[in-house]
Structure formats: C-alpha cells, structure tokens
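The values are calculated or read from the model by the stated rules, or taken from the named source; none is laboratory data. Values in this document were obtained by computation on a predicted structure and should not be read as measured data. So basically every Cβ, Gly included, is an ideal-geometry build from the backbone, and we count neighbours across all protein chains shown.
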Amino acid sequence: MPITSGSGPRETFERMTRCWIDGEDFGDLLAEDVVIETPFAAPGRPARFAGREEFLTATADERATFPVRFTGVDNVVIHDTTDPQVVVVEYELHGVVTATGRRAAAPFIGVLRVRDGKVVRWREYQHTLGIAHALGRLPDLAAALAGSG
C-alpha cells in the first residue's frame, strides 16, 4: 500500500486497519526505527520490539499462521492529542477463528506516533484474556500466568 508523505496518524491508522481486514502486510506502514510495545502481553510473549526488521522477523511465523481472519474494526474512537503526530485510538477488532468458524471480537487501545505517514511508536493495550478465550487458549494462558508468579 503506497505511503503518502505527510499523512497523519488518523490516516495511517485507517490504512493499518484496512491492511488487517484485507489480510495485507502492513510492514510498509512502520518506520525503520519503529518501537512497538504491548505492556499487557501474555507471559512468554515479547512486550517490546525495537525496529521494523526486529518486529517483522520476530512475528513472521505467527503472522503467517495466525488462526484468525479479521473481518472488521468498529467502535473506533480516535482521540487527538496536543501533539499532531500522536493519537490515542480505541477500537474493537472482529475476526473469525479459521479452524472453528467461531466469531469473536476484542477491544484494543493504542497510542500511535506517526511521522511522514509511518508509525514510529505504537503502544497497544490488548485484551489478552479475551483473545485467549476466542482462540481457545485460556488453559494455556492460565498455566503461563500461574508459572510466572
């Protein structure tokens, strides 16, 4: 997907969501020096990636085999900040678990900093419990939580 120089964070987030729904790679929307953080990552999962290459390499297998086809994004609320490069986004991501046909949704909150149409910082707060439930992985998550204490 071509990047339009000067695109702000709202437009970049919209392009990201279209990539998710269309099953397209969104790596071109990430700056080379992007920092991606998921402070509420499940135990055993990285909570921080420094650089586009690190993120894409570390998540390549998971992205290729992720058992969900995203079908929609709704309940989107975008909060502007005093910094024109930064927005806070609230959204609900819908999908279908490909192995079972089960439909599920999970809420997210993200803080995005965008420079020249590319994400330079992405801090996302995921509903880890809801995602594990949708994927049938609650027992694995519970075991990981019990072992991390």
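Values as computed for the structure displayed
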| read-out | value |
| --- | --- |
| Test: residue in segment 56-75 that is in contact with a helix residue (DSSP H, G or I) (Cβ under 7 Å, 6 or more places away or on another chain) and part of a helix (DSSP H, G or I) | yes |
| Meets criteria (surrounded by fewer than 17 Cβ atoms within 10 Å (Cβ to Cβ) and modelled with pLDDT of 95 or more) for Val88 | yes |
| Any hit, segment 62-73, residues being among the small types (Gly, Ala, Ser) and modelled with pLDDT under 90 | yes |
| Those residues of segment 76-106 which are of a type in the set (Val, Ile, Thr), part of a strand (DSSP E or B) and in contact with a Lys or Arg (Cβ under 7 Å, 6 or more places away or on another chain), in sequence order | Ile78, Val86, Val87, Val96 |
| Any pair with Cβ under 9 angstrom, 6 or more apart, that starts in segment 12-37 at a residue that is free of Cβ contacts under 8 Å to residues at least 24 places away in the same chain and part of a strand (DSSP E or B) and ends at one that is crowded, with 18+ Cβ neighbours inside 10 Å and basic (Lys, Arg) | Glu32/Arg52; Glu32/Lys118 |
| Set Val88, Val114: member being within 14 Å of the chain's Cα centre (by Cα) and β-branched (Val, Ile, Thr) | Val88 |
| Those residues of segment 116-149 which are outside any helix (DSSP H, G or I), touching a residue at least 40 places away in the same chain (Cβ under 8 Å), out of contact with any helix residue (DSSP H, G or I) (no Cβ under 7 Å at 6 or more places or on another chain) and surrounded by 15 or more Cβ atoms within 10 Å (Cβ to Cβ), in sequence order | Val120, Arg121, Trp122, Arg123, Glu124, Tyr125, Gln126, Leu135 |
| The listed residue being loosely packed, with under 15 Cβ neighbours inside 10 Å and either touching a helix residue (DSSP H, G or I) at 6+ places or on another chain (Cβ under 8 Å) or touching a residue at least 12 places away in the same chain (Cβ under 8 Å) (or both), out of Ala99, Ala106 | Ala99 |
| Residue count, segment 41-55 (criterion: part of a helix (DSSP H, G or I) and farther than 22 Å from His127 by Cα) | 3 |
| Segment 1-37 - residue that is polar (S, T, N, Q) and modelled with pLDDT under 95 and, of those, surrounded by the most Cβ atoms within 10 Å (Cβ to Cβ) | Ser7 |
| Of residues in segment 41-70 being surrounded by 14 or more Cβ atoms within 10 Å (Cβ to Cβ) and in contact (Cβ under 8 Å) with a residue 40 or more places away in the chain, the one farthest from the chain's Cα centre (by Cα) | Pro43 |
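The rows are residues; the columns are (1) closer than 23 Å to Val77 by Cβ; (2) modelled with pLDDT under 75; (3) touching an Asp or Glu at 6+ places or on another chain (Cβ under 9 Å); (4) of a type outside the set (A, V, I, L, M, F, W, C).
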site	(1), (2), (3), (4)
Ala104	yes, no, no, no
Val120	yes, no, yes, no
Glu124	yes, no, yes, yes
Leu141	no, yes, no, no
